[in-house]
Amino acid sequence: MKGLAGKSVRADVVAGIVAGIVGLVVIVVIWVSLVFPAPIVSGGGGILRGNDIALREHEWGFAGGGYALAKGGPEICADSNNATLNIALTNTGINFHGFQVVRADTGAFVAGLNKTDLLSRGETRHIKIDVSRIAPGSYYYICPVAGHRQKGMIAPFIVQSGC
Ligand SMILES: [Cu+2]
């Protein structure tokens, strides 16, 4: 093969250059995915309302109200006019999972179970959330087990007057 200067370029040098270019592309793709991450809160396509919500958790998301298990989960709209939101939570997954409501902006704990209070496989827990004690706004419900939120166990939890 002839190079730009008319000298022959060895095939292994060409292979090295090609490998270098491929490597650069891979690095750029990784960088873009880190700087512009895909949204991991899918909302699951539906909204759960009312005082009594049945929710399931799995690897790696939540489901309930007819919405299938997927990454993320259905949005929960908590009506601030309703004093208590009852969530019947069942772990239909394999791993231990937990349940917490956290602020969307700071990630601060708002309601739910303690971080170490986890549901084992097949376990159901009845969680009462006093909505009147939560300021209207945007929150997430998450699984607090390390890494599970990043894998998709996070969905919107909205507190507002009227849902
Ligand atoms: Cu989990």
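The values are calculated or read from the model by the stated rules, or taken from the named source; none is laboratory data. Note that the structure is predicted; figures quoted are calculated from it, not measured. When we count neighbours, we look across all protein chains shown, and the Cβ atoms used for this are built from the backbone with ideal geometry, even at glycine.
Annotations for the structure displayed:
- Only one of the numbered conditions (1) under 22 Å from N51 (Cβ atoms); (2) of a type in the set (A, V, I, L, M, F, W, C); (3) in contact with a helix residue (DSSP H, G or I) (Cβ under 7 Å, 6 or more places away or on another chain) is violated by C143, and that is (1).
- Selected residue (criterion: nearest to G137 (Cα to Cα)) from residues of the stretch 46-61 that are part of a loop (DSSP other than H, G, I, E, B) and within 16 Å of the ligand (Cβ to nearest atom): W60
- Matching residues, the stretch 71-102, being among the β-branched types (V, I, T) and within 12 Å of the ligand (Cβ to nearest atom): T92, I94
- Subset of the stretch 103-154 [surrounded by fewer than 13 Cβ atoms within 10 Å (Cβ to Cβ), among the aliphatic types (A, V, I, L, M) and either within 16 Å of L89 (Cα to Cα) or away from the ligand (no atom under 13 Å from the Cβ) (or both)]: A108, A135
- When the stretch 105-140 is limited to residues that are of a type in the set (A, V, I, L, M) and out of contact with any Gly (no Cβ under 8 Å at 6 or more places or on another chain), the one that is farthest from I53 (Cα to Cα) turns out to be A108.
- F157 fulfils the conditions (1) away from the ligand (no atom under 15 Å from the Cβ); (2) farther than 17 Å from G50 by Cα; (3) among the aromatic types (F, W, Y) except for a single criterion, (2).
- A search for C-beta distances below 6 Å between a residue of the stretch 46-64 that is more than 14 Å from I154 (Cβ to Cβ) and any residue that is within 16 Å of the ligand (Cβ to nearest atom) and among the aliphatic types (A, V, I, L, M), counting only pairs 6+ apart in sequence or on different chains, returns I53/I87; R56/A63; G64/L55.
- Selection status of G50, in the same structural domain as I129 (by TED's automatic domain parsing), at pLDDT 80 or above and surrounded by 15 or more Cβ atoms within 10 Å (Cβ to Cβ): no
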